[in-house]
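Undergrad: I am attaching a structure below and will ask some questions about it afterwards.
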Amino acid sequence: MWIFAAFHQEKVGVFLSDISGAFDRVDSELLLRKFRRAGVGPNVLRFLASFFEPRVANVIVHGSGSESRRILDQVFQGTVLGPPSWNVFFADVAEVVRACSFKEDLFADDLTCEKKIPTSRTDEAVFEELRRCQREVHQWGVCNRVLFDSGKEEMKIMHPVFGVGEPFKYLGAKFDCKLVMGEEVAQMLGKCKPKITAMLRRRAFYSVKDLVQQLKTHVWPLLESTMGAIFHSSTYLLVKIDRLQVSFLKEIGLSEEEAFLQYNVAPLGLRRNIGMLGLLERGRGGSAPQQNVYEPGARWGVGRGRRPSPRQCALVRAGRVLRCRVLEYWGTGVLGYWSAGVLE
């Protein structure tokens, strides 16, 4: 959303919030009302009412137990019903956010509110809208007897040119408001370089196959855990990441072609492109496609005679660009083992 908005001469106001002690502050009566409003039947409601009754708990370590403590008005963590019950309790905050013309993203006890705003509007006007949304969300908290953690609340404006605000953590990645992603890349390099150095120092005790396996096990997860967040970064930053693998392979006596053909170690740029192709397909709402979803004649799952939405068209264009990037590796000879038809 943030990147698409920039192409439409829009910036995105973002309000990030978090409920304090979320799972331990859930009024049981309110929760049961929300289950009833969600359409849960009377028999299940009676079971849930029994499940959320006050309990007595203590902690036992090596045969020694703590004093008993009564626990009530909370979603019991560690139980099967805990996460879905919290989702039911927290879900109707979305109605408040949408009433403010914002789009909501809910993840556990985190709430993110976003709104696309023309770049012609002043930053102060954007922040005023964010504060209005904040007030409404806080009022929802008062009505539902929960408290938002003011120390974790932030307001940002996201845009490659007009971004305003300090870098912040969001879904595991560190974003800067101008979407350069330099700090996230620096963090990734800071985590991976020491691991690669340690692996190379011990290479005398391992075969090449073992070293490659260590690369896949200890380095790839760090490099690819936030792949979607850094994919749009400049080539200058992405090359820094790619050099880690290239230099490691060189140190253990492998070329990129040998690593790919003999040990299935694809170049990181290729892995990013293929990974994002998969993400686009999941975002389109499909699973394994029966035909190429990036071709003009692909089935979109819409009624006959209806045209695909602008979002679907954007996914198609992005998919075609990524597919071309993948095929570029074949053109450079890195993937020369296969024909272009097989790669397609």
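Undergrad: Determine the pairs where a residue that is free of Cβ contacts under 8 Å to residues at least 60 places away in the same chain, located within the range 10-25, has a partner that is assigned to a loop (DSSP other than H, G, I, E, B) with Cβ atoms under 6 Å apart, the partner being 6 or more residues away or on another chain.
TA: If the second residue must be assigned to a loop (DSSP other than H, G, I, E, B), the pairs left are Asp24/Gln74.
Undergrad: If you don't mind, another one. Can you pull out the residues in the range 134-148 that are surrounded by fewer than 18 Cβ atoms within 10 Å (Cβ to Cβ) and in contact with a Ser or Thr (Cβ under 6 Å, 6 or more places away or on another chain)?
TA: Leu147
Undergrad: Now, a different point. Filter the range 223-261 down to the residues that are in contact with a Phe, Trp or Tyr (Cβ under 8 Å, 6 or more places away or on another chain) and outside any helix (DSSP H, G or I) and list them by number.
TA: Leu254
Undergrad: Picking from Ser68, Ser64, which residue would you name as being without any contact (Cβ under 8 Å) to a residue 60 or more places away in the chain and out of contact with any strand residue (DSSP E or B) (no Cβ under 9 Å at 6 or more places or on another chain)? Explain how you work it out, then say what you get.
TA: Working: Ser68 fails: out of contact with any strand residue (DSSP E or B) (no Cβ under 9 Å at 6 or more places or on another chain).
None of the others qualify; the one that does is Ser64.
Undergrad: Restricting to the range 79-103, give me the number of residues that are closer than 16 Å to Ala49 by Cβ, at pLDDT 90 or above and of a type in the set (Val, Ile, Thr).
TA: Here the count works out to 1.
Undergrad: Conditions: (1) within 30 Å of Ala229 (Cα to Cα); (2) surrounded by fewer than 17 Cβ atoms within 10 Å (Cβ to Cβ); (3) at pLDDT 90 or above. Gly21 meets all but one. Number of the miss?
TA: Answer for Gly21: the failing condition is (3).
Undergrad: Say we look at the range 194-248 and pick out the residues that are acidic (Asp, Glu) and either in contact (Cβ under 8 Å) with a residue 12 or more places away in the chain or exposed (fewer than 12 other Cβ atoms within 10 Å of the Cβ) (or both); which of these is farthest from Pro267 (Cα to Cα)? It would help to see each step written out before you state the result.
TA: Pass one, the range 194-248, residues acidic (Asp, Glu): 210, 224, 242.
Next cut, either in contact (Cβ under 8 Å) with a residue 12 or more places away in the chain or exposed (fewer than 12 other Cβ atoms within 10 Å of the Cβ) (or both) only: 224, 242.
Working: Glu224: 12, Asp242: 8 Å.
Only one residue tops the list, namely Glu224.
The values are calculated or read from the model by the stated rules, or taken from the named source; none is laboratory data. Because the structure is a prediction, the values reported are computed rather than measured. Glycine gets a Cβ as well: all are built from the backbone with ideal geometry, and neighbour counts include every protein chain shown.
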